[in-house]
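Working notes, beginning with the structure itself.
The values are calculated or read from the model by the stated rules, or taken from the named source; none is laboratory data. Given the structure is predicted, the values throughout are model-derived calculations rather than measurements. Here the Cβ positions follow ideal geometry from the backbone for every residue, glycine too, while neighbour counts run over all protein chains shown.
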Amino acid sequence: MSLRTSNKYGKISITDDAVAMVCSQAASECYGVVELVSRRLSDNLNRVWGKAQYGKGIKIATVDNLMFIEVFVILKHGVNIEAVKESIKECIIYTAQTFTGMRVKHCNVNVVGIRV
């Protein structure tokens, strides 16, 4: 599925994979994030075959020009989990809305583990 909008420049279509790739990069740069964890079978198969993993750890769903984002991360030991989760959430929402020009309805950050 893809995000679609139109403005004075014409019709714009952005794939969910492109949005996931941008959000994945933004989340990986947040303080306290060690790694994003893939939750799709295709990501795991690409990892086995050594292919690039774009949008790893991000699931995007679009309904009526609203985005629903799920993020799966492993955090660094010793950080304040709630503060880092909130920071990741705000960063993802800002990045997605700036990149697409559309509204993020919900962003859920799932902490899968803690790594030393």
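Here are the numbers for the structure shown:
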| read-out | value |
| --- | --- |
| Of residues in segment 3-33 being assigned to a strand (DSSP E or B) and of a type outside the set (A, V, I, L, M, F, W, C), the one nearest to Asn110 (Cα to Cα) | Thr15 |
| Subset of segment 95-110 that is of a type in the set (Ser, Thr, Tyr) and surrounded by 13 or more Cβ atoms within 10 Å (Cβ to Cβ) - its residue that is farthest from Cys23 (Cα to Cα) | Thr100 |
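For every residue, the table says whether it meets (1) of a type in the set (Ser, Thr, Tyr); (2) assigned to a helix (DSSP H, G or I); (3) within 20 Å of Thr15 (Cβ to Cβ); (4) at pLDDT 95 or above.
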| residue | (1), (2), (3), (4) |
| --- | --- |
| Ser38 | yes, no, yes, no |
| Asn46 | no, yes, yes, no |
| Lys56 | no, no, yes, no |
| Thr62 | yes, no, yes, no |
| Gly78 | no, no, no, no |
| Ile88 | no, yes, no, yes |
| Ile93 | no, yes, yes, yes |
| Ala96 | no, yes, yes, no |
| Phe99 | no, yes, yes, no |
